[in-house]
Amino acid sequence: MRDLYNVRLRPTEAEAAVAPLTDEEEQRFRAVLFSELGNEIADHGYARFPAYTPEDRRRLVDVAHRLTAHWGQQVFVEAEDLTRLRLHLTGHEARPQSLPTTS
């Protein structure tokens, strides 16, 4: 029989999928979002970003609040679909999709 040293069980798929960030990683990630999304919004008036989990959505809402405080101008957040949020300034709202009309 062999002795096995430093052997660990592999996490299940469910455990591997749930790997929360440390506090430091979370702060750095939010700082990157603040910078990158802030630049995108400053350039185009809006930015889109994927948000697959409730935590992703909370991060983006927090970034929108931080940008609002930083700029003194409201940054709005709206869901485009189940997996993507849109952050935008006033005047850059998503235009409603209209159905084609028959002439």
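The values are calculated or read from the model by the stated rules, or taken from the named source; none is laboratory data. These numbers were taken from a predicted model, which means no experiment stands behind them. Heavy atoms of the whole protein, side chains included, go into the accessibility calculation; ligands, DNA and RNA do not. Shrake-Rupley method; radii C 1.70, N 1.55, O 1.52, S 1.80 Å.
Things worth noting here:
- Probe 1.4 Å, all protein chains present, accessible-area order of Arg84, Arg59, Arg28, largest first: Arg28, Arg84, Arg59
- Rounded accessible area of Thr22 (nearest 10 Å², 1.4 Å probe): 70
- Per-residue SASA remark: His88, around 10 Å² accessible (1.4 Å probe; ligands, DNA and RNA not included).
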